[in-house]
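Input: a single structure, listed below in structure tokens.
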């Protein structure tokens, strides 16, 4: 039963502790369930045969009825989780109140039912749980038919129906915004030129035809989707500044209602992370350290699924390195390196190889800029291994350039000819190469060799810097410099000269 193993290994410490307390209150076979729980928890990979063959258990009755015990343990864990979250979850409280009101109605205790419905309706409006509100309206309609005088009954039911239509309209708008969000998410997978043109056209239509009106009047959830979708559409149209403004409104909308924010922590984290990415694209780093600190603080105090924590880890570290590359902030690079390596260990194979390769290349570059070529070589070796997995040719050329610079800094001149030939072979396989790769290869292959005087080296580095400055607005060069600004290294070499 690998799904039981997966469930057990996803439990937090608090959930495990509560499970043991919860099991102790059960009348049926509690200790046997926890013995099986401990055996499964101890296994990194589920091995049912090993559990069945445990010598100490051979005389136990429950081991002979293993499938039933497994199933009942699975149900016990689920019941425990339900009870654990029902204690502090207002949604569970609301569900319980509506269920209790139905029981009171069936018992013909109509006055008590009405009072409980009043409380449930107040809570559902506070939490904006409109589906629960529909159930409350339906039960209240039944109550009116029995308890209200005939002369007033029709008017009250009419009011109730009008309210039901308003709630349904609110839910319709939420569903519409979710549909736009799903559509914009699917567009991120479109890679071909034709698809990219279609993405631009579809984003324009969404903005012009469906997302023009003010978000005022939308529910809390619909408003979040509204700002999120608009920001993505604006980004697709290269209107980054307007996209940033939408995300800032989304964050403000989330923070404006602390009562609802707790139930939307994933949206809150996603909005903050996306805002940082947009600001990186726009090179708007004015308040980046504050944004980063706020994001890490939010993540630390939030109950987030592991895959979302991993996404935040990847994106936050990538934007931090973009920021450091842009503002030339190289202090504390070793701390950042340790954090990255710890994260790669924590998330293991869940980290996409392409993402890991880019992050390793970024930290390799920053270590070089910080004057730590030995550390750059250590991380670079991991980067080159990841690059073999991805097979991304455009990224491959960048890793080779970093490799060349690293060995140049370490004085391994005998390796440079081999590395340059390897880079040349890779460039020949690319459909399109940027002037950056060509110039850097020409620089190491023809301009730098044979120059030994300080004045000569300074002149060669200055010439290469001038070439890069002249090409900085080329689309391919601009993208490379965003991650690895080779001008920093050239200026450092000139200053050393």
Mind checking whether some residue in region 17-27 is assigned to a helix (DSSP H, G or I), at pLDDT below 80 and over 30 Å from residue 130 (Cβ atoms)?
yes
Only listed residue being more than 30 Å from residue 253 (Cβ to Cβ) and over 20 Å from the mean Cα position of the chain (by Cα), chosen from 132, 149:
149
Expected output for region 451-478 (first residue loosely packed, with under 14 Cβ neighbours inside 10 Å, partner part of a loop (DSSP other than H, G, I, E, B), Cβ below 6 Å, 6+ apart or cross-chain) is 454/497
Is one or more of the residues making up region 384-401 modelled with pLDDT of 85 or more and under 24 Å from residue 466 (Cα atoms)?
yes
If a residue counts only when it is out of contact with any helix residue (DSSP H, G or I) (no Cβ under 9 Å at 6 or more places or on another chain) and over 30 Å from residue 170 (Cβ atoms), which helices (runs of 4 or more DSSP H) contained entirely in region 51-135 have at least 2 such residues?
66-86
How many residues are in contact (Cβ under 8 Å) with a residue 40 or more places away in the chain and more than 34 Å from the chain's Cα centre (by Cα) if we restrict to region 70-123?
2
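Residues are listed down the side, and each one gets a yes or a no for (1) within 16 Å of residue 248 (Cα to Cα); (2) buried (at least 17 other Cβ atoms within 10 Å of the Cβ); (3) in contact (Cβ under 8 Å) with a residue 12 or more places away in the chain:
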{"residue": "267", "(1), (2), (3)": "yes, yes, yes"}
{"residue": "271", "(1), (2), (3)": "yes, yes, yes"}
{"residue": "274", "(1), (2), (3)": "yes, yes, yes"}
{"residue": "285", "(1), (2), (3)": "yes, yes, yes"}
{"residue": "296", "(1), (2), (3)": "no, no, yes"}
{"residue": "303", "(1), (2), (3)": "no, no, yes"}
{"residue": "313", "(1), (2), (3)": "no, yes, yes"}
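Please report, ordered by residue number, the helices (runs of 4 or more DSSP H) entirely within region 399-497 with at least 1 residues that are more than 37 Å from the chain's Cα centre (by Cα). Can you show your working first?
Working: elements: 416-429, 435-442, 454-471, 475-483, 486-496.
Once the helices (runs of 4 or more DSSP H) in region 399-497 are filtered for at least 1 residues that are more than 37 Å from the chain's Cα centre (by Cα), what remains is 416-429, 435-442, 454-471, 486-496.
For region 144-236, give me every one of the helices (runs of 4 or more DSSP H) that falls completely inside it and has 2 or more residues that are closer than 22 Å to residue 129 by Cβ.
On the way: elements: 150-187, 193-205, 220-236.
Correct list: 150-187, 220-236.
The values are calculated or read from the model by the stated rules, or taken from the named source; none is laboratory data. Worth saying up front: this structure is predicted, and the values here are computed from it rather than measured. Virtual Cβ from ideal backbone geometry, glycine too; neighbours counted across all protein chains shown.
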